[in-house]
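A.B. asks: Okay, here's the structure, questions in a sec.
The values are calculated or read from the model by the stated rules, or taken from the named source; none is laboratory data. Quantities reported herein were computed from a predicted structural model and do not represent experimental measurements. Cβ sites come from the backbone with ideal geometry, for glycine too, and all protein chains shown count toward neighbours. Just so you know, the surface numbers come from the protein's heavy atoms only, side chains and all, with ligands and any DNA or RNA stripped out. Shrake-Rupley method; radii C 1.70, N 1.55, O 1.52, S 1.80 Å.
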Amino acid sequence: MSGLKRRDLIGGAAALAALAMVGATAPSAFATPRMRPGAGSAPALGLADRAVAASVDARRALTHIQHLAGRIGPRIGGTESEHRAADYAAARFEELGYQVTRQPFPVADKYLADLVLPDGERWQASASPQGSFDTEVEAAVVDVRGGGVQDGADYAGRDVTGQFALIDHRTADRDAQVRGAVERGAAGVLLVAASSSADRKAPAFLPTLTEPVGVPVLGLGQAHGEWLRRRLVAGPVRLRVIVTAHTGLTSYNVLAERPASIPSDDQVVMVSAHYDSVPGSPGANDDASGSALCLELARVLRRLPTQKALRFALWGSEEQGLIGSRYYVNQLDDHAAERIAACFQNDMVATSHPPADLYWLLSVDGADNLATATVAEAAARLGYTADVAGPEARGGSDHVPFHERGIAAANFSWRGEAGPHLLEPVYHTPEDTVAGNISNTRLQVSLELVGSAVYEVARAR
Ligand code: BES
Ligand code: ZN
């Protein structure tokens, strides 16, 4: 069992204590073959590893996650929330001296709702395009469980006239559930997503309907439903719901480049992540973590001597089907595609979910390529081999368009030992937060692994 597995990975005080250790020992640890934080074996580091692995700092990356997932919150492709995140990332890259471009591309309309709680807290849900939108409704919440469709008793003694009906969503009954609430005079319908598996909470969802209704209809994440019910036990809850149709949207990829300092082969190494998230989720691990990793590596790699150029890419609208990365790869001419030595995609690189204790090398075809092989080599040099698994075949992230174009690409991510399908229970939910789903130790290991591998490729070869 490796050091990482033994370590308490839950956030908060334990993680801070672990980081204090990293901080205290990082620069000097490289003078002696001291173990890396959470490593299973002693390191055998080259000079280049020392320049990168001793300098990357999860605490700095954490400030970026806090900004993206904490201050901005959900970052929905093409909306103002994603634009704010793009501005933040572009400003950080520019401060570091990178040449920054924003690449625009069109994306589909979004129907979103803000739920404002009495204490000012704001939650996000998806809204039905067949319900009313561009409107604001304030009302109390009445819990009618199954919405009376299977058992009329759900409404017994409960008057929803002019109130929000809170209903446990059943996909097959959705239209009847909404109709029943509207016929009883509800001012709005809050459908709570039902969990399809015991170990995963349900995300917010888009509740499309077969016919239009005259009130807002929202698809809430299961966690938001649970939180609402907990508050209802304590007393009445009034909500302000603001529903907005976002149309004619433009999403952006944020690209940041620095040239080779000793140009040799006209090649470029790419390091990437997606900075958008799904509706209702702050997306701290998915994928503010990867975005923050890119920003921190950009800091450390900005002035190191390289023979290849370095290009960071933060993809927009990944969550709607890899739209940003596909757009980017499609507009590359053959020469530009051939210049890319490898693309290192970082998606979900810091979860604190204890069972996700393996760092997976995920290529689309499961084969080794320059990205997976150099990270595996970095793991061996840094003493992390026992923490790393793969290569294993897995798509579902922005490495896919690169692979399809014949470019060496892989996604890197912490997952369970049984396989990369074992994601944390809060994946895509309102509980993917900095406090609940970020491990500083795992973030540090991710930074060291990808940082060392990227520098290895960029430096020579
Ligand atoms: N980070 C997630 C999930 C993921 C799973 C990435 C496995 C890499 C490997 C990603 O943002 C996501 O949600 N992907 C979607 C597909 C995408 C095309 C919308 C998924 O895997 O369901
Ligand atoms: Zn993701």
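A.B. asks: Once you have the alpha carbon radius of gyration of the range 71-167, what is it after dividing by 2.2 N^0.38 Å, with N set to its residue count?
C.D. replies: Taking N as the residue count of the range 71-167, the ratio is 1.60.
A.B. asks: Hey, another quick one. Take each uninterrupted DSSP H stretch in the chain, measure its Cα extent along the helix axis, and return the ones at 15 Å or beyond whose mean Kyte-Doolittle hydropathy is at least 0.5.
C.D. replies: Length and hydropathy pass: 13-29, 289-301, 370-382.
A.B. asks: For residue 262 and residue 335 in one chain, what is 0.36 nm times their gap in residues minus the Cα-Cα distance, to one decimal in nm?
C.D. replies: Details: separation 73, 0.36 × 73 = 26.28 nm, distance 2.05 nm.
Value of the extension gain: 24.2 nm.
A.B. asks: With the cut-off at 1.5 for a/c, could you classify the range 110-246 from its C-alpha gyration tensor as rounded, prolate or oblate?
C.D. replies: On the way: a/c = 1.08, a/b = 1.04, b/c = 1.03.
Rounded, since a/c falls under 1.5.
A.B. asks: Considering the options 435, 47, 323, tell which one lies farthest towards the positive end of the dipole of the chain, charges being +1 on Lys and Arg and -1 on Asp and Glu at the Cβ, about the Cα centre.
C.D. replies: In the chain, that residue is 47.
A.B. asks: Check residue 187: other-chain or 5+ apart residues with amide H under 5 Å from its amide H, H built from backbone geometry?
C.D. replies: Those lying under 5 Å, H to H, from residue 187 are 162, 163, 164, 165.
A.B. asks: Per the helix-only calculation at 222 nm, which mean residue ellipticity applies to the chain, given -39500 (n - 2.57) for every DSSP H run of n ≥ 4 and division by its residues, nearest 500 deg cm²/dmol?
C.D. replies: That comes out to -9500 deg cm²/dmol.
A.B. asks: So which GluC sites (Glu not before Pro) in the range 51-147 end up in coil per DSSP with only 10 or fewer other C-beta atoms within 10 Å?
C.D. replies: 121
A.B. asks: Defining a contact as two alpha carbons under 8 Å apart and six or more residues distant in sequence, what relative contact order in percent does the chain show?
C.D. replies: 23 percent
A.B. asks: With a 1.4 Å probe and all protein chains left in place, how much of the accessible area of the chain comes from carbon and sulfur atoms, in whole percent?
C.D. replies: Answer for the chain is 52 percent, counting heavy atoms of protein chains only.
A.B. asks: A further question follows. Convert each backbone phi in the range 412-421 into a coupling constant with the Karplus relation 6.51 cos²θ - 1.76 cosθ + 1.60 (shift: θ = phi - 60°), then list the ³J(HN,Hα) values in order as whole Hz, x for Gly and Pro.
C.D. replies: Whole-Hz 3J(HN,Hα) from phi for the range 412-421: 10, 6, 7, 9, x, 6, 5, x, x, 6.
A.B. asks: OK, next. So for the range 336-461, averaging the separation of alpha carbon pairs under 8 Å that are six or more residues apart and normalising by length, what relative contact order in percent results?
C.D. replies: 39 percent
A.B. asks: Could I ask something else about it? Between residue 172 and residue 198, what is the FRET efficiency for a Förster distance of 25 Å, r being their Cβ-Cβ separation, to the nearest 0.05?
C.D. replies: E between residue 172 and residue 198, to the nearest 0.05, is 0.75.
A.B. asks: Follow-up. With θ set to phi - 60°, apply the Karplus curve 6.51 cos²θ - 1.76 cosθ + 1.60 along the range 146-162 and write out the HN-Hα couplings as whole Hz, x wherever there is a Gly or Pro.
C.D. replies: x, x, x, 6, 8, 8, x, 4, 4, 8, 3, x, 10, 9, 9, 3, x
A.B. asks: Sticking with this structure for a sec: With the radius of gyration and the Kirkwood radius both derived from the Cα set of the range 316-402, what is their ratio Rg to Rh?
C.D. replies: We get a ratio of 1.00 for the range 316-402.
A.B. asks: Another one. Semi-axes of the equivalent ellipsoid for the range 272-314, please: Cα gyration tensor eigenvalues, times 5, square-rooted, ordered largest first, whole Å.
C.D. replies: 26, 9, 5
A.B. asks: Then there is this: According to the Kirkwood expression over distinct Cα-Cα pairs, how big is the hydrodynamic radius of the chain, in Å?
C.D. replies: 22.9 Å
A.B. asks: While we're here: Which cross-chain or sequence-distant (5 or more) residues have an amide H under 5 Å from the amide H of residue 239, H modelled 1.01 Å from N in plane?
C.D. replies: 139, 140, 141
A.B. asks: With the other protein chains left in place, how much accessible area per residue, in square angstrom, belongs to the range 110-246 at a 1.4 angstrom probe?
C.D. replies: 44 Å²
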